[in-house]
Amino acid sequence: MERRQTAFLFDLDGTLVDSVYQHVLAWHEALESEGITLSVWRIHRKIGMSGGLFTNMLLRETGLVLDPGRSERLLRAHAECYGRRSQQIRPLPGAKELLAYLTEAGIPWAIATSGRMATAKPTLDTLGVDPAKNPIVTRDQVKYAKPDPDLFLAAAERLGVDIEESFVVGDSVWDMLAAQRARALGVGLLSGGYGEAELERAGAYRVYEDPAEMLRHIDEVGGRR
């Protein structure tokens, strides 16, 4: 029987690049610019979902009614605040090496992020990933972002692989929930600030500290050469 192709579909922020807290502080600054007070820890718990869904969930946290104009201002302010912090962002330990290993081994991989290309491009540059050569799916390209499965389904389609033969690698519960809904196996990383038990409850098949530890255990998730 012919062996079916394994593929890896990566989240970006907190999974391949150390950018979660820049996003948190950017959202905090954007909210403050609109006179909205929200604790930083509460913001962190929402990182990984789309910006639009994030602003909608503010209703639950603050009881505010966000009209479309205010929501759009928040999204623009977040992008601007994040852009000012983007020079601080670095690849997570082992991220470049993990992608290089998969490429050399002929194992397909793609990146699927809830961020829009405008905010993702600087972090992709730090990884040395070229969107013209490597499949990148951003929020701009799908109807719904995480925890909906659209981003990962689109990434698998771009690679020409079966989503059920793919591993979704992410750092948040939203990644793991999206993986389950896409019918892919989820691999959790602790590098975004969620705990091991949280990721496992959300469906993670394996949990590693960061890309470096995942690479050391790549045989556990079907990443053999």
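Bear in mind that the values in this text are calculations on the coordinates, not laboratory data. Model, not experiment: these values are computed from the prediction. Cβ coordinates were reconstructed from backbone atoms using ideal geometry, including for glycine residues, and neighbour counts include every protein chain displayed.
Assorted remarks:
- Among the GluC sites (Glu not before Pro) in the stretch 1-109, those located in a DSSP loop and surrounded by at most 12 other Cβ atoms within 10 Å of their own Cβ are Glu2.
- Using a simple spin-label model with pseudo-atoms 7 Å out from Cα toward Cβ, Met117 and Glu196 lie 4.0 nm apart.
- Viscosity 0.692 mPa s, temperature 37 °C, Stokes-Einstein D of the chain from Kirkwood C-alpha radius, µm²/s: 188
- Percentage of interatomic Cα-Cα distances in the stretch 20-87 larger than 15 Å: 45
- Magnitude of the charge dipole for the chain, about its Cα centre and with charges confined to Cβ atoms of Lys, Arg (+1) and Asp, Glu (-1), is about 340 debye.
- Note on the chain: GNM, Cα springs under 10 Å; of Ala179, Ala212, Ala100, the largest mean-square fluctuation is that of Ala100.
- For the options Leu124, Leu53, Leu199, a Gaussian network treatment of the chain with springs between C-alpha atoms closer than 10 Å singles out Leu53 as fluctuating the most.
- For the residues Leu102, Leu31, Leu64, a GNM of the chain with alpha-carbon springs under 10 Å puts the largest fluctuation on Leu64.
- Arg224-Arg76 pseudo-label distance in nm [points 7 Å out on the Cα-to-Cβ vector]: 5.5
- Each residue, Arg42 and Lys133, gets one label point 7 Å from its Cα in the Cβ direction; the gap between the two is 4.5 nm.
- For the chain, the relative contact order is 26 percent, taking Cα pairs closer than 8 Å that sit 6 or more residues apart in sequence and dividing their mean separation by the residue count.
- Rg(Cα) / (2.2 N^0.38 Å) computed for the stretch 79-124, rounded to two decimals: 1.37
- The chain: calculated mean residue ellipticity at 222 nm from DSSP helix runs of at least 4, using -39500 (n - 2.57): -13500 deg cm²/dmol
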